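*Asks:* Structure provided below as structure tokens; questions to follow.
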Amino acid sequence: MKTAAYETTADMIGYGGFGHLQRRIATLAKSYLFPLILGSHTRQEGVVLPPRYLRFCGMEFRSDQFFLDSARREAARLIEHCSLRSGSSVLDVGCGAGRLAIGLMQTLPDVRYCGVDVHKPSIQWCRKWISSQHPKFTFEWVNTRNARYNPDAPKVVSENSLPVPDRSADVINLFSVFSHLDRNDTQALVRELRRVVTDTGRVFLTAFIDWSDSAPDLVVNPAHGQMQWSGPLHCVRVRHGWFQDLCESNGFEFHAGPADAEVDGQTAIYLSVRASAKTESPIKTATRNLDGP
Ligand SMILES: C[S@@+](CC[C@H](N)C(=O)[O-])C[C@H]1O[C@@H](n2cnc3c(N)ncnc32)[C@H](O)[C@@H]1O
């Protein structure tokens, strides 16, 4: 068995099943001690990047060039497949240390971007190194419980957990976020996505998908080839049919990209609002306008 190349050693130090005190120490270390010892940022091609201990996706993201290229690729994908344009509002749920924001600043800086995450050191880093230079890119810490990234928070994902108004996001990005959510959070977050996305908006997400009809709906840290997962919610895999039904029952059309083609074998999923689930059909809007408030 090899340890999953999926997240950083520093991440495992924080969330490998230690108790409350150790987790607080790990969080403080990431906020204050690691920056002193390991540095607060790096630069590649003149672009400020987060330090490696705040990069949560696979080992390949430790390479500064890979990280920067991947950031640009994520931005390009949203432009090509999710109709992201100048002026669009982007909600990056589980933004981590700002990878998408960094890519957008390179390719489409004129968007209205909001990154949200439960991991406080990541949000602190983004505010310090991104918002300070680009105030239109904002970041919010949401104190929602996640057994891996924010285990001591008082509440789980629920209605209005995302700190943005209804129907306010043209594009929502969740790269490798459903890969770390339990069943309740998975269901609640899909409902939240429908609440905040505009009727013409798009959602892009990645997830570990089990394509077998007989698989359990959701498995935490599944036996997966040679991978050895470490700690809570390191890898959450959902059954394709179950996850598609969940999205469709919340009013989404569901399109899967090439199977298992993303980082560590995740699959890209694209959601758009089903015509019959749109809240503001043109006829209703016209009637309301004619009738007045
Ligand atoms: C593997 S990292 C991906 C980071 C980033 N999306 C990227 O691609 O670089 C998963 C992120 O999801 C965040 N997260 C987990 N549960 C969340 C929730 N309920 N709401 C918002 N963020 C969450 C974690 O704190 C972590 O930063």
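*Asks:* At VAL220 and GLU45, where each label point lies 7 Å from the Cα along Cα→Cβ, what is the point-to-point distance in nanometres?
*Replies:* Result: 3.9 nm between the two label points.
*Asks:* Taking 0.36 nm per residue of separation and subtracting the Cα-Cα distance, what length does fully extending ASP213 through SER158 add?
*Replies:* Once the chain is fully extended between ASP213 and SER158, it gains 17.0 nm.
*Asks:* Taking the Cα atoms only, what angle lies between the long axis of helix 282-291 and the longest principal axis of the chain, rounded to 10 degrees?
*Replies:* The angle comes out at about 60 degrees.
*Asks:* Sticking with this structure for a sec: Pull up the cross-link candidates among the aspartates and glutamates for LYS136, meaning alpha carbon to alpha carbon under 15 Å and not fewer than 8 places away within one chain.
*Replies:* Cross-link targets: ASP92, ASP110.
*Asks:* Taking θ as phi - 60°, what are the ³J(HN,Hα) couplings along the stretch 141-147 by the Karplus curve (6.51, -1.76, 1.60), each to the nearest whole Hz, with x for Gly and Pro?
*Replies:* 3J(HN,Hα) across the stretch 141-147, in whole Hz: 8, 10, 8, 9, 6, 9, 4.
*Asks:* Hey, what angle do you get for helix 240-249 against the long axis of the chain, alpha-carbon based, 0 to 90 degrees rounded to 10?
*Replies:* Value to nearest ten degrees: 40.
*Asks:* Taking the highest mean first, how do the peptides 177-190, 126-139 order by number of other beta carbon atoms within 10 angstrom per residue?
*Replies:* On the way: 177-190: 20.9, 126-139: 17.1.
Packing proxy ranking, top to bottom: 177-190, 126-139.
*Asks:* Another question, if that's okay. Report the full-extension gain for the segment GLN106 to LYS278: residue separation times 0.36 nm, less the Cα-Cα distance, to one decimal in nm.
*Replies:* Values: separation 172, 0.36 × 172 = 61.92 nm, distance 3.29 nm.
Full extension from GLN106 to LYS278 adds 58.6 nm.
*Asks:* Please list the non-local residues whose amide H lies under 5 Å from the amide H of HIS234, H modeled 1.01 Å from N, same-chain partners needing a gap of 5 or more.
*Replies:* Here ASN221 satisfy the definition.
*Asks:* While we're on this one: With r defined as the distance between the Cβ atoms of HIS255 and GLN65 and R0 fixed at 35 Å, what FRET efficiency is calculated, to the nearest 0.05? Mind dumping the intermediate values first?
*Replies:* Working: r = 31 Å, r/R0 = 0.87.
Taking R0 as 35 Å, the efficiency between HIS255 and GLN65 is 0.70.
*Asks:* Across the chain, where is the longest run that never hits GluC sites (Glu not before Pro) in a DSSP loop with at most 14 other C-beta atoms within 10 Å?
*Replies:* Working: sites that count: GLU45, GLU159, GLU280.
Here the longest run is 160-279.
*Asks:* Cross-link partners among aspartates and glutamates for LYS30, C-alpha distance below 14 Å, same-chain residues fewer than 8 apart left out?
*Replies:* Straight-line reach from LYS30, under 14 Å: ASP11.
*Asks:* If you don't mind, there's one more thing I want to ask. Using modelled backbone amide H atoms (1.01 Å from N, in-plane), which distant-in-sequence or interchain residues come within less than 5 Å of VAL111's amide H?
*Replies:* GLY87
*Asks:* Setting aside same-chain residues fewer than 8 positions from LYS155, which aspartates and glutamates have a Cα under 18 Å from its Cα?
*Replies:* ASP117, GLU140, ASP182, ASP185, GLU192
Any read-out appearing in this document is the output of simple, stated calculations on the displayed coordinates, not a laboratory observation. What you see is a predicted model; the values in this text were computed from it and never measured. When we count neighbours, we look across all protein chains shown, and the Cβ atoms used for this are built from the backbone with ideal geometry, even at glycine.
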